[in-house]
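I have placed the structure first, in the form of structure tokens, so that the comments after it can refer back to it.
Laboratory data are not the source of any read-out in this text; all were calculated from the coordinates shown. Computed from a prediction, not measured in an experiment: that's the story for all the values here. Here the Cβ positions follow ideal geometry from the backbone for every residue, glycine too, while neighbour counts run over all protein chains shown.
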Amino acid sequence: MQQVSHDNHAGTATTPLNPLLTVSDIVRLCRMPWGLENYSPLLEHRYLLLDVAGAADHAGREALATVAERLRVLPCPVIAVGALAVPECLRGVDVVVATVRDATALIRNIDEHPLAAMTLVQLLRHNEDLAPEQGLFVESLAYASLQGGVEFAKVMQEARKQSLTVPESDSAVAVERNGDELHITLNRPGARNAYSAALRDGLYEALQLLKMDQTLERAIVSGAGSCFSVGGDLREFGAVSDTATAHAIRASRNVGQLLLALGARLEFRLHRACIGAGIELPAFAARVVAHSNTFMQLPEITLGLLPGAGGTVSIARRIGRHRTAYLALSARRISAATALQWGLIDAII
Amino acid sequence: MNPYKPGARLRSAVCTTEVIVIAATAGDVVLSCGGAPLLAEEKVAAAGVTLDAAAAQGTLLGKRYTNDAGSLELLCVKPGAGSLAADGIALQVKGAKPLPSSD
């Protein structure tokens, strides 16, 4: 078991890194019923670091398959470090980084919000084998769980000290018809198109029109103002009375399900900030194009939450579970160029 | 006999409005837009019909319109200058019941 030198990541410089386990270590630990018992948000190790380079040299395929099954139910993120040498390992890991240093952004967020991190990777593992409709349902439950969690409560307590008002446009979503094309515009430029209840309902109504009128060949969705969308409206966060009701609201106005059903006729045109729901919703569409100034980010973990606008389905379908976990655990921005390379978008305009 | 079938597309004789019938259980009724009866897609408007200024509040794309009884419901798929009515009584926009944020 090799010990890793500590990168002094910002904020939590004193938290020691977990040991970097080798494949031999993990094979041995998996043989013991208590071998990984301290890997949990509530115990000593909030994530598992696994050196996967050269894995094939150390263990047979059968042993690796057993390890993968064990890791898949581990209640914390499994971070693979190095180039994956064998595909058997892949099923058991949640995210892959090149070096331990590359893992520090993830580790900082996991250390601060271990419940959110655990729930996220469990959800992504689970959704990998599910039909997308089912995945959306489970995502809402997982999100509800975190909405009731201590991590989100702490963030809300700090956020309540500030309250802002923004100038509102008449209608949160503008709809125009041009022949057989529907143009849907997110229209809260004063709030950088934050995904409020009003915006959600406007988008839901516009998509119902697309569904009803089969003569509409496609709909193009864009955002008015300085960016496409900064995601969930922080002014509305913590507003819902209880998490069971929150789940019921999502089930009753499920924009994700509509986007999923209508995806083939949808094109999203993105510019500048696409944060949280601002990239989760576009990722459902058959075609996503972005201006070269676009960036994407999934910052929910920093609030003790996970992407809850369908992203654990839509983004994972486009870029896979591991890269989705990387985005959501690191909360890092990626550029349009990276998004294109990963397949999160289809073209840069 | 009810001439309006759910799913049917109707268009205004006097403006650009087009609707899809969502529900029509009101029995004998004449649907109009801008004061003139709505036409089935293939029908041609009679010469000389014009928009009635008293029925010119306009229609909104993507909005559902309904009567008080709720027995009629139309979805506007193309907006226009006329307003929708059933037997001369204006239909009202039917919004989805508001739900709060789920955050």
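Does segment B:29-89 classify as rounded, prolate or oblate by the C-alpha gyration tensor (a ≥ b ≥ c root eigenvalues; a/c under 1.5 gives rounded; else a/b over b/c gives prolate, otherwise oblate)?
rounded
Roughly what angle does helix A:114-128 make with the longest principal axis of chain A, taking Cα atoms, 0 to 90 degrees, to the nearest 10?
That works out to roughly 80 degrees.
Other chains near A:211-222: what is the mean number of their Cβ atoms within 10 Å of each residue's Cβ?
If you average over the peptide's residues, the count of other-chain Cβ atoms is 2.
Cut-off is 10 Å between beta-carbons; in what order do A:W342, A:W34 appear when sorted fewest neighbours first?
A:W34, A:W342
Could you list A:M156, A:M118 so that the one with the fewest beta carbons within 10 Å of its beta carbon is first and the one with the most is last?
A:M156, A:M118
By DSSP, what percent of the beta bridges with both residues in chain A are antiparallel, rounded to the nearest 5?
In chain A, DSSP labels about 25 percent of beta bridges as antiparallel.
Quote to one decimal, in nm, the extra length available between A:S335 and A:D242 on full extension: 0.36 nm per residue of separation minus the C-alpha distance between them.
Difference between extended and current length: 29.9 nm.
Residue separation times 0.36 nm, minus the C-alpha to C-alpha distance between A:A174 and A:V150: what's the value?
Once the chain is fully extended between A:A174 and A:V150, it gains 4.9 nm.
Below 8 Å between Cα atoms, with a sequence gap of 6+, how large is the relative contact order for segment B:2-68 in percent?
Once divided by the residue count of segment B:2-68, the mean separation gives 30 percent.
Compute the distance from the alpha-carbon center of segment B:25-103 to that of segment A:267-287, in whole Å.
34 Å
Could you tell me whether segment A:235-285 comes out rounded, prolate or oblate from its Cα gyration tensor? Rule is a ≥ b ≥ c as square roots of the eigenvalues, rounded for a/c under 1.5, then prolate if a/b exceeds b/c, otherwise oblate.
Taking the square roots of the gyration eigenvalues as a ≥ b ≥ c, segment A:235-285 is oblate.
Scan around A:G276 for amide H atoms under 5 Å from its own, H built in the peptide plane at 1.01 Å from N, and keep only partners 5 or more places away or cross-chain.
A:Q297, A:L298
How high is the relative contact order of chain A? Use alpha-carbon pairs under 8 Å, at least six apart in sequence, and give a whole percent.
Over chain A, the number comes to 15 percent.
What's the tally of Lys pairs in the protein assembly as shown whose alpha-carbon atoms lie under 30 angstrom apart, where the two lysines are 8 or more places apart or on different chains?
Lysine pair count for the protein assembly as shown: 19.
What is the packing order of peptides A:188-195, A:20-27, taking the mean over residues of other C-beta atoms within 10 Å and listing the highest first?
A:188-195, A:20-27
Enter the angle in degrees (range 0 to 90, nearest 10) between the Cα long axis of helix A:197-212 and the first principal axis of the Cα atoms of chain A, meaning the one along which they spread out most.
So the inclination is approximately 70 degrees.
Testing the spin-label approximation: label points 7 Å from Cα along Cα→Cβ at A:M212 and A:W34. State their distance in nm.
The two pseudo-label positions are separated by 6.4 nm.
Which cross-chain or sequence-distant (5 or more) residues have an amide H under 5 Å from the amide H of B:L38, H modelled 1.01 Å from N in plane?
For B:L38, the qualifying residues are B:L31, B:S32, B:C33.
Let me know the shape class of segment A:247-349, please: from the alpha-carbon gyration tensor, a ≥ b ≥ c as square roots of the eigenvalues, rounded when a/c is under 1.5, otherwise prolate if a/b is greater than b/c, or oblate.
Oblate is the answer for segment A:247-349, as a/c is 1.5 or above yet b/c matches or exceeds a/b.
Give me the number: length gained by fully extending A:A224 to A:E181, i.e. 0.36 nm times residue separation minus the C-alpha to C-alpha distance, one decimal in nm.
This chain segment gains 13.7 nm when fully extended.
Per-residue HN-Hα couplings for segment A:297-306, Karplus 6.51 cos²θ - 1.76 cosθ + 1.60 at θ = phi - 60°, whole Hz, x for Gly and Pro?
Listing the rounded values in order: 7, 10, x, 4, 4, 6, 9, x, 10, 9 Hz.
Going 7 Å from the Cα of B:A23 toward and past its Cβ, which residues in segment B:61-80 have a backbone nitrogen under 20 Å from where you end up?
Counting only backbone N, you get B:62-77.
May I ask you to evaluate 6.51 cos²θ - 1.76 cosθ + 1.60, the Karplus curve with θ = phi - 60°, for each residue of segment A:274-284 and list the ³J(HN,Hα) values in order in whole Hz, giving x for glycine and proline?
Calculated HN-Hα couplings, in order: 10, 10, x, 3, x, 10, 4, 5, x, 5, 6 Hz.
Using θ = phi - 60° and the Karplus curve 6.51 cos²θ - 1.76 cosθ + 1.60, what whole-Hz ³J(HN,Hα) does each residue of segment A:265-273 get, with Gly and Pro shown as x?
In residue order, the calculated couplings are 9, 10, 10, 9, 10, 9, 8, 6, 5 Hz.
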